[in-house]
Amino acid sequence: MKSEKSKRATASHHWHLAEDDLGVALTDLEYAVMRTYESFVRWQAECLAAVTGAVLTGQENALLHVIRMHDQPKTIKDLLHLTNRQDVPNVQYGLRKLLKMGFIEKQGSGRAGVYYEATAEGAKVCDDYAKLRKKLLLEGAKRYPAFRQHSHSAGAHLELLERLYESVTREAATFHRRG
C-alpha cells in the first residue's frame, strides 16, 4: 500500500504524458534515458577529443568503435543494424569524417560490396580511448558498490524498453500513413 507522501509525489507528476502511476513511472524512465543518452554522447565525444584532439560527435565515436569491433570490416548495413539507426545520410556523413581523419578506410565497390575497417591509426585511437575509458569511467564506476549488480538489470530493462519502442513505433507509423 502506498504512503500518503508517495501518493502526493505521484500526483504531482501527473501531466499530459503521465496521467496514472504507470504513465508517471514510464515518463520518469524516459527522462532518465534522455538525460543518460545526452551524458553518454557528451562523454564519448570528450573522451575521444582527449585522446585525439578530434572534434567528433558521440555517434561518430560509436561508429568508429563498432567498425573496430572484433577487427572485422563492416558494411553500412551492418553499422545501421548494430547501432539501431536508420538515418543513412547521417551515418554516411560520419563515415566521411572518419575517412577524412584517417581513422577508417573503405574497401570494395558498389552498394553491397563496400566495407569499412579501422586503419592502424584508427585502431590506436580506439586503444587510447579504451585506456582513458578504463581510467576514468570504469574506475569511476567502482565508486558505486552496487553498480555491477544494477547494471545487469538496467541493461535487461533497457533491452525490454527497446523492444517496446520498436513495437509501438511500427504501430504508430500506421496512424500517419492511413491517409
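The values are calculated or read from the model by the stated rules, or taken from the named source; none is laboratory data. All values derive from a computational prediction rather than experimental measurement. Using ideal geometry, Cβ is built from the backbone for each residue, glycine included, and neighbour counts are taken over all protein chains shown.
Some points to look at:
- Residue that is nearest to Met101 (Cα to Cα) [pool: residues in region 122-142 that are basic (Lys, Arg) and exposed (fewer than 14 other Cβ atoms within 10 Å of the Cβ)]: Lys131
- Residue pairs whose Cβ atoms lie under 7 Å apart, sitting 6 or more positions apart in sequence or on different chains, and linking a residue in region 24-47 that is under 15 Å from Leu64 (Cβ atoms) to a partner that is surrounded by 15 or more Cβ atoms within 10 Å (Cβ to Cβ) and β-branched (Val, Ile, Thr), are Val41/Thr57; Ala45/Thr57.
- Helices (runs of 4 or more DSSP H) completely within region 1-103 that count 1 or more residues being in contact with a Phe, Trp or Tyr (Cβ under 9 Å, 6 or more places away or on another chain) and either of a type outside the set (D, E, K, R) or at pLDDT below 95 (or both): 21-52, 58-68, 76-83, 88-100
- Scan of region 148-158 for residues that are modelled with pLDDT of 90 or more and either surrounded by 10 or more Cβ atoms within 10 Å (Cβ to Cβ) or in contact with a Lys or Arg (Cβ under 6 Å, 6 or more places away or on another chain) (or both), ordered by number: His150, Ser151, Ala154, Gly155, Ala156, His157, Leu158
- One residue from Asn61, Asn84 being under 22 Å from Leu137 (Cα atoms), touching a residue at least 24 places away in the same chain (Cβ under 8 Å) and not aliphatic (A, V, I, L, M): Asn61
- Scanning region 115-130 for residues that are farther than 21 Å from Glu46 by Cβ and not in a helix (DSSP H, G or I) gives Tyr115, Tyr116, Glu117, Thr119.
- Arg133 vs. criteria assigned to a helix (DSSP H, G or I), touching a residue at least 12 places away in the same chain (Cβ under 8 Å) and not β-branched (Val, Ile, Thr): yes
- Selection status of Thr169, more than 21 Å from the chain's Cα centre (by Cα) and either under 27 Å from Gln72 (Cα atoms) or of a type in the set (S, T, N, Q) (or both): no
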